[in-house]
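Novice: Quick one: the structure is below, questions incoming.
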Amino acid sequence: MTPPAAASTAPRLVLASTSQYRRQLLERFGIRFTVAAPDVDESPLPGETPIDLVSRLARAKAEAIAHRHRGSLIVGSDQLAVFGKEIIGKPGNPERCVEQLRAFSGQRLTFHTAVHVVHSDTGANEGHFDVTTVHFRKLSHEEIDRYVARDRPVNSAGGFKVEALGITLFDRVESEDPTALIGLPLIWLSGALRRAGFQLP
């Protein structure tokens with residue numbers, strides 16, 4: 001049986017992201033939504049902390065497309081991985097991915113994930129911030145090479161896919177919401193959508 005798309009009082013839903021991972025997460029709710037690509041400069045401001053940066057970008061992404069989607073609730077999200085004091089990006093190629101995972105072996109990596117919702121008509125908005133700490137077990141060079149060859153996580157921040165074979169790399173993961181690590185904290189977002197008039201579950 002197909003669940004209802006939304007309550008009659010709910011606005012249309014728009015995801016301000018082209019990330020396949022965020023789209024797949026939002027699909028779990030069984031709510032119809034559209035996807036729009038926000039045109040936002042993601043460069044950090046001078047002295048901006050990772051927390052401030054992801055929170056600002058999540059809101060900026062939602063606001064960037066709000067004017068193009070009237071009568072809609074816009075969901076924006078952003079994520080940064082931090083190793084020590086260094087922001088870690090997507091490796092981009094297998095060699096860089098191996099290099100990153102060798103550095104993370106036996107260490108911890110922190111993910112800062114922000115989500116922001118904006119109602120395009122009223123301007124009402126609210127946001128949320130999640131911190132996830134990933135503790136890597138000691139990894140041999142052979143394990144890292146084998147993992148990268150199998151999962152090919154070159155376009156994933158941190159160089160792993162937690163939703164796939166990457167889960168085998170860890171001793172533990174500390175988070176209030178396991179979906180935050182993939183890129184969209186669904187526990188908080190489900191509450192925000194209910195407050196906007198959507199029926200969940």
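Just so it is clear, none of the values below were taken in a lab; they were calculated from the coordinates. Owing to the predicted nature of the structure, the values given are computational and were not obtained by experimental measurement. Cβ atoms come from the backbone with ideal geometry, glycine included; neighbour counts cover every protein chain shown.
Novice: Of Cys97, Ile31, Ala149, whose Cα points farthest to the positive end of the dipole of the chain (charges on the beta-carbon: +1 Lys, Arg; -1 Asp, Glu; origin at the Cα centre)?
Specialist: Ile31
Novice: Tell me whether the range 1-89 comes out rounded, prolate or oblate; compute the Cα gyration tensor, take square roots of the eigenvalues as a ≥ b ≥ c, and use a/c under 1.5 as the rounded threshold.
Specialist: Numbers: a/c = 2.98, a/b = 1.85, b/c = 1.62.
Prolate shape, in that a/c is at least 1.5 and a/b is the bigger ratio.
Novice: Oh, and also: Using a ≥ b ≥ c from the Cα gyration tensor of the range 45-199 (square roots of the eigenvalues), is it rounded, prolate or oblate, where a/c under 1.5 gives rounded and otherwise the larger of a/b and b/c decides, a/b for prolate?
Specialist: prolate
Novice: Against the longest principal axis of the chain, how steep is helix 186-195, in degrees 0 to 90 to the nearest 10, with axes from Cα atoms?
Specialist: Helix 186-195 sits at roughly 10 degrees to that axis.
Novice: On to the next question. Over the chain, what is the relative contact order in percent, taking alpha-carbon pairs closer than 8 angstrom and at least six residues apart?
Specialist: Here the relative contact order equals 23 percent.
Novice: Ok, one more. Compute the distance in nm between two label points, each set 7 Å from the Cα along the Cα-to-Cβ direction, one at Asp41 and one at Ile167.
Specialist: Distance between label points: 4.1 nm.
Novice: What is the Cα centroid distance between the range 81-116 and the range 150-196, reported in whole angstrom?
Specialist: If you average the Cα positions of each part, the centres end up 14 Å apart.
Novice: Shifting gears a bit: If each of Lys138 and Glu174 carries a label point 7 Å out from its Cα toward its Cβ, how far apart are those two points in nm?
Specialist: 2.1
Novice: Sticking with this one: Mind checking the dipole of the range 1-114: about its Cα centre, +1 per Lys or Arg Cβ, -1 per Asp or Glu Cβ, Debye to the nearest 20?
Specialist: Charge dipole of the range 1-114: 440 debye, to the nearest 20.
Novice: Here's something else I'd like to know. How high is the FRET efficiency between Arg102 and Leu200 when r is their beta carbon distance and R₀ equals 30 Å, given to the nearest 0.05?
Specialist: Here the calculated transfer efficiency is 0.10.
Novice: What FRET efficiency would be calculated for the residue pair Arg70, Ile187, taking the C-beta separation as r and a Förster radius of 30 Å, to the nearest 0.05?
Specialist: So the FRET efficiency works out to roughly 0.55.
Novice: Let me ask something else about it. FRET efficiency for Arg150 and Thr18, Cβ-Cβ distance as r, R0 = 35 Å, nearest 0.05? Intermediate results must be reported in sequence, preceding the final value.
Specialist: Details: r = 25 Å, r/R0 = 0.73.
With R0 = 35 Å, the Cβ-Cβ based efficiency is 0.85.
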